[in-house]
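The values are calculated or read from the model by the stated rules, or taken from the named source; none is laboratory data. Because the structure is a prediction, the values reported are computed rather than measured. Glycine gets a Cβ as well: all are built from the backbone with ideal geometry, and neighbour counts include every protein chain shown. Side chains included, ligands, DNA and RNA excluded: accessible areas come from the protein's heavy atoms. Shrake-Rupley method; radii C 1.70, N 1.55, O 1.52, S 1.80 Å.
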Amino acid sequence: MKEQAQKRRRAYSPFNPHNIESFYASGTPTKKKTRKKRVSNHSHQKTNGVKSMGKKKRNVKQQKKEKLITETLPPLRDSVRIIPLGGVEEVGRNMTVVEYGDDIIVLDMGFKFRDEETPGIDFLLPNTKYLEENKDKIRAIFITHGHLDHIGAIPYLIERIGNPPIYSRSLTTVMIQKRQEEFPDCPKLNIHTVEREDIIKAGKLRVRFFSVTHTIPDSMGVIIETPYGDIVATGDIKLDHIEGVPSEDEEKTYSIFKDRNVLLLMADSTNIENPGFSTPEWLVHKSLEEIIKSVKGRLIIGTFASQIERIVKIMEIAERYGKKVVVEGRSMKNNIEIIRKVGVLNIDKKTIVTAEDMHNYPPDRIVALATGAQGDDFAALMRMSNKSHKYFNINKNDTVLLSSSVIPGNENAVMRLKDNLSRQGAKIIHYKSADDFHVHSTGHGYRDETEWIHRKINPKFFIPVHGHHHMLRIHKDVALGLGVPEENIVIPDNGMVIEIRNNGEKIVALESNVAEEDLAVDGLTIGNMQDIVIRDRKMLSEEGIFIVVASINIKTGKLKKSPDIVSRGFVYLRESQELLQQTRLIIKKSVEDNTKGMNPIDFEYIKEQVAENVSRFLLQKTAKRPIVIPVILG
């Protein structure tokens, strides 16, 4: 397309008004086309030759899709049905359905943050259409731990699926309730606290729990007892170990599976690409203690607010060495309030001081905990780095410790953060530069840890979850290497319907998909993410917008005056007057040629012609394709 545009620019001398007739001769129609019958009476918005679907047409399509969800699935009979609604083909948005007979159990209800492919969207949610149609069968929701990719969607989805009871461990329960306070219009949650010894009856199914190691306390795996064996979901998981030897606590935890009949395992795949064992958290704690103890000057630690165990340890170490802790970042403050409430954090209240009061203490007695290690624009650490923080002025005596890895996609933001801190003289320690220290550890096990867990659980069938497709495929290879037959493994997609049939002897993936459309939080609305809206937003960000306002004399079909043009993100109007003048001639010709003999004037048709001709002309002259919106007044 760009090569064609360049050829056309060479054929037409730039901004030459005499080339208007040549432009039309090159293929743009000057005579009125035969008008097509409109789908409905609703107005169509024309954007670069693509028409938005009429409302009636969309409704028909939606009705067909509803029929596909409710009618094409075979009767369940004695099979066990598993449907990952999110958390596969991606990292985040974890939610899985397990169904047997008339009973449905839901595992987790998380969201995913937007990325470059979803501009303007706040969060992506699992599509719960299947659950909404079967809400009378939902017996319980079990939440494995308190991270947002497992609990974040609860306020948005819980009412849609009938507000069923939620079961989670103590810290997770408090985190869910705390988040729910931000949504006062949502129904009160029917939430219950469970511990690993508890057994919950959900319809005809029984559910047990086991503790798992993650970066947040009270993480748990779930065991669903079916007539054919156990369905085990690990949640996010790693191992506590010493040089590749799992601890006694891990051995004790997984010993429960020795005498159990595990029908199906669904396990975390996030770090399956990495060989060996991940860095244990206790080793990070040891390094943090050495840094806190020996650092000269003020220490600022940037980390995830969700790294609860690490935050607790940092504060305990700071208190042990007589230092004061300053907490910066709303999510960090909220989580610290929660862990104090449930008794996970037990330190003297005087250990925590406000940013206003920290200047009452020597700099080397201050440890600051801050959000923003990923370079978030408005997070505390970024505001410190760009000198916009009210109380923190970074100087050469400060040490900034980034106790986190860089999430893919955030590389440039983190680079800017480190540049800004360096310009102010701060010493920076991060996971790549700290040769003698382990300043960060993942919450997801590496390949050898995963293999150890597989051997302990020893499932008949296996579904890899929590990861992009290539991660799931690598996890499949690991399971194959451990002796699981290939026909007993299914690599899922979001919305795929998987069934265990023949009394637990066969696993199959059906062709049906119950979550083809993404659900999104977009401002104050929650609904299916429309491709045309996302496409327009991308075009606006890349190509800009070009608005044409033309007034027509409805008796003669002539323009009353020269058209007004408004442009944003396309060209700078003051420096493009010749282009605008040529565009006005295109608009005039498009309107007046197509209104000849037209009585009454079809404004929709005229708008289409103006949009098409202006778009084509601007593409030829600039190699850019802005969204053209004509406003035709009579």
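Classify the chain as rounded, prolate or oblate from the Cα gyration tensor: take a ≥ b ≥ c as the square roots of its eigenvalues, call it rounded if a/c is under 1.5, otherwise prolate when a/b beats b/c and oblate if not.
oblate
Within the chain, what is the longest stretch that has no chymotrypsin sites (Phe, Trp or Tyr not before Pro) placed in a DSSP loop and near at most 11 other beta-carbon atoms within 10 Å?
1-377
How high is the relative contact order of segment 215-294, in percent, with contacts defined as C-alpha pairs under 8 Å that are six or more residues apart?
Normalised by residue count, the contact order of segment 215-294 is 31 percent.
Relative to the first principal axis of the alpha-carbon coordinates of the chain, what is the inclination of helix 170-180, with its axis defined by its Cα atoms, in degrees from 0 to 90 and to the nearest 10?
30
Helix 411-423 against the longest principal axis of the chain: what's the angle in degrees, Cα atoms only, rounded to the nearest 10?
80
As an exercise, identify the GluC sites (Glu not before Pro) in segment 566-613 lying in DSSP coil whose Cβ has no more than 10 other Cβ atoms within 10 Å.
Listed in order of number, the matching sites amount to none.
Using only protein heavy atoms and a 1.4 Å probe, report how much of HIS241 is accessible, in Å² to the nearest 10.
Looks like 10 Å² after rounding.
Residues of segment 138-296: accessible area per residue at 1.4 Å, in Å²?
Computed with neighbouring chains in place, this is 40 Å² per residue.
Just to confirm the filter: which GluC sites (Glu not before Pro) across segment 212-259 are DSSP coil and have at most 11 other Cβ within 10 angstrom of their Cβ?
Counting only loop positions with at most 11 other Cβ atoms within 10 Å, the GluC sites (Glu not before Pro) in segment 212-259 are GLU243.
State, as an integer percentage, the relative contact order of the chain based on alpha-carbon contacts under 8 Å between residues 6 or more apart.
17
Quick one: if you stick a label point 7 Å off each Cα along the C-beta vector at ASP377 and LYS204, how many nm between them?
5.4
For a 18 Å ceiling on Cα separation, which of these pairs sit above it: LYS293/LYS390; LYS296/LYS427; LYS296/LYS323; LYS538/LYS624; LYS387/LYS418; LYS460/LYS506?
LYS293/LYS390
Using 0.36 nm times the number of residues separating VAL533 and LYS293, minus their current alpha carbon distance, what extension gain do you get?
81.1 nm
What aspartates and glutamates could a cross-link reach from LYS432, if we take a straight Cα to Cα line under 16 Å and drop same-chain neighbours fewer than 8 places away?
Counting by Cα, and skipping residues close in sequence, LYS432 has these aspartates and glutamates nearby: GLU411, ASP419.
Among the DSSP beta bridges whose two residues both lie in the chain, what percent are antiparallel, rounded to the nearest 5?
55
7 Å from Cα along Cα→Cβ at both THR399 and GLU542: what's the point-to-point distance in nm?
It works out to 4.6 nm between the two label points.
At R0 = 45 Å, how high is the FRET efficiency between ASN458 and ARG114 if r is their beta carbon distance? Nearest 0.05 is fine.
Efficiency computed from Cβ-Cβ geometry: 0.70.
What relative contact order, as a whole-number percentage, does segment 164-321 give when Cα pairs under 8 Å and 6 or more residues apart are counted?
Dividing the mean separation by the residue count of segment 164-321 yields 17 percent.
Nearest 0.05, what FRET efficiency do ASP78 and GLU243 give at R0 = 56 Å with Cβ-Cβ as r?
Efficiency at R0 = 56 Å is approximately 0.75.
Can you pull the one-decimal nm distance between simple spin-label points at GLU197 and GLU578, each 7 Å off the Cα toward Cβ?
Label-label distance for GLU197 and GLU578, simple model: 8.6 nm.
So what's the angle, to the nearest 10 degrees on a 0 to 90 scale, between helix 577-594 and the longest Cα principal axis of the chain?
70
Would you please classify the overall shape of segment 160-241 from the alpha carbon gyration tensor, given that a ≥ b ≥ c denote the square roots of the eigenvalues, rounded means a/c under 1.5, and beyond that prolate means a/b larger than b/c while oblate covers the rest?
Oblate shape, in that a/c is at least 1.5 and b/c is the bigger or equal ratio.
May I ask you to list the trypsin sites (Lys or Arg not before Pro) in segment 460-566 that are in a DSSP loop and have at most 14 other Cβ atoms within 10 Å of their Cβ?
LYS555, LYS558, LYS560, LYS561
Give the aspartates and glutamates reachable from LYS607 as a straight Cα distance under 14 Å; neighbours fewer than 8 places away on the same chain don't count.
Hits, sequence-local ones excluded: GLU592, ASP593.
Sort segment 485-634 into rounded, prolate or oblate with this rule: let a ≥ b ≥ c be the square roots of the eigenvalues of the Cα gyration tensor; rounded if a/c is under 1.5, and if a/c is not under 1.5, prolate when a/b is larger than b/c, oblate otherwise.
Judged from the Cα gyration tensor, segment 485-634 comes out prolate (a/c at least 1.5, a/b above b/c).
Stretched out fully, how many nm does the piece from VAL508 to ILE554 gain, at 0.36 nm a residue minus the Cα gap?
10.1 nm
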